[in-house]
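Notes follow the structure.
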């Protein structure tokens with residue numbers, strides 16, 4: 001069975017859809033589709049009609065690439081006002097062989113959620129910290145081990161329902177079934193993680209167009225997160241104000257001239273633009289870069305402050321990702337603010353080699369890891385569709401009222 005998984009990153013004001021296939025534990029990108037959306041702001045649906053039209057278009061682009069309709073997807077949800085809680089669940093191993101099976105792991109994780117989800121919240125993800133066999137032996141993966149009881153220690157990540165339901169409803173209206181939801185920072189981590197990150201405490205920073213998300217991880221477990229409502233778009237606004245130009249012209253100035261740091265900027269490198277008064281003005285790289293640098297420096301300093309508020313643990317690494325990090329000379333600014341402990345991400349997955357895709361790529365890897373824990377394989381396409389890899393698929397809308405019910409229904413019972 002081919003393992004093909006689709007994820008959609010609901011960005012600060014854009015949609016990024018990726019379809020990936022796992023072959024010999026390596027992910028290959030089959031399609032990437034991206035679209036700006038005026039119906040989304042800070043990752044939230046602000047105008048459902050506009051969001052639905054954008055979703056239709058972004059899915060159509062990807063479907064045209066692979067020749068199949070995409071009817072199942074993993075979705076990122078905003079981290080704003082997320083809460084985290086450590087919980088434990090326990091189950092008795094009742095099969096005759098007293099061997100831990102996937103269903104036993106699932107039951108233990110289900111037990112960890114009981115009476116922990118408030119009415120106004122949804123469960124975004126359950127993150128197993130460790131499993132304990134017979135209340136004695138601690139293991140990372142208990143599958144197929146002999147036991148009388150299984151206990152799991154987890155982190156429950158919860159978000160307000162408003163973070164989840166509008167995008168779920170919009171996808172449902174275009175006939176796309178949500179098979180899982182997750183926080184963007186988990187996608188970033190699973191896209192970029194390495195052994196060192198899995199063994200230490202560190203921070204993921206995602207600098208997007210409208211927002212910057214700061215997340216603390218301990219040995220791969222998400223502990224806390226915060227969102228700053230500033231991003232690359234604020235540079236456009238600053239340039240538009242300084243030069244009295246439209247935001248579209250400001251964006252072009254940024255893309256044509258701006259460096260993230262003015263150290264290597266050349267004043268002789270200039271661009272002629274028309275301001276709102278109809279006058280032709282010349283802007284130079286040094287001044288433009290200084291404006292961009294000032295805003296980026298502000299965001300990084302705010303992120304640094306948030307790290308100190310989120311955790312008192314010693315930080316061993318800081319990984320910075322998101323589309324803004326692709327700006328030339330961004331590393332100079334990062335080094336000034338964080339020193340050598342901070343690194344700029346580098347998404348190397350062929351077909352999605354840009355840091356703006358780290359969340360979408362990582363969500364696929366995150367979900368594949370979840371399936372591996374279940375000892376099951378998964379594909380958004382059935383065997384017939386996989387054989388065709390072209391033509392029409394079948395419409396499969398979900399009808400669960402509760403996202404938690406959907407997760408435990410689809411993820412746990414299939």
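Could you identify which residue out of 309, 143, 127 has the top mean-square fluctuation in a GNM of the chain using Cα springs shorter than 10 Å? The residue with the greatest mean-square fluctuation here is 309.
Scoring 362-375, 267-280 by mean Cβ neighbours within 10 Å over their residues and listing the highest first yields 362-375, 267-280. Helix content alone sets the calculated 222 nm mean residue ellipticity of the chain: runs of n ≥ 4 DSSP H residues at -39500 (n - 2.57) each, divided across all residues, give -10000 deg cm²/dmol.
For the stretch 122-171, the relative contact order comes to 44 percent (Cα pairs under 8 Å, sequence separation of at least 6).
In a fully extended conformation the segment linking residue 372 and residue 341 would gain 8.0 nm over its present Cα-Cα distance, using 0.36 nm per residue.
Histogrammed with a bin width of 20 Å, the alpha carbon distances of the chain distribute as 26, 55, 18, 2, 0 percent, first bin at zero. Using C-alpha pairs under 8 Å with a sequence gap of at least 6, the mean separation divided by the residue count of the stretch 29-99 gives a relative contact order of 26 percent.
Angle, helix 48-66 long axis vs. longest principal axis of the chain, Cα atoms, 0 to 90°, nearest 10? Around 80 degrees separate the two axes.
In units of the compact-protein estimate 2.2 N^0.38 Å, the stretch 164-245 shows a Cα radius of gyration of 1.45. Against the chain, whose longest principal axis comes from its Cα atoms, helix 102-113 is set at around 60 degrees. Principal semi-axes of the equivalent ellipsoid, √(5λ) from the alpha carbon gyration tensor of the stretch 100-173, are 31, 13, 9 Å from largest down. Ranked by the mean number of other Cβ atoms within 10 Å of their residues, highest first, the peptides 8-16, 249-257 come out as 8-16, 249-257. By the Kirkwood approach, averaging reciprocal distances over each pair of separate Cα atoms, the stretch 42-153 gets a hydrodynamic radius of 17.4 Å.
Beta bridges assigned by DSSP with both partners in the chain are antiparallel in approximately 80 percent of cases. Relative to the longest principal axis of the Cα atoms of the chain, the long axis of helix 247-257 lies at roughly 90 degrees.
May I ask you to derive the relative contact order of the chain, considering only C-alpha pairs under 8 Å and at least 6 residues apart, and to give it as an integer percent? Over the chain, the number comes to 20 percent.
Each label point was placed 7 Å from the Cα along the Cα-to-Cβ direction; for residue 95 and residue 248 their separation is 6.2 nm.
Of all beta bridges that DSSP places with both ends in the stretch 1-86, some 90 percent have antiparallel geometry.
If the chain linking residue 255 and residue 174 were pulled fully straight, counting 0.36 nm for each residue of separation and taking away their Cα-Cα distance, it would gain 25.8 nm.
Quick note: the coordinates plus some simple rules give every number you see, no bench work behind them. The model shown is predicted, which means the values in this text are computed figures rather than measured ones. All Cβ positions, even for glycine, are placed from backbone atoms using ideal geometry, and neighbour counts span all protein chains on display.
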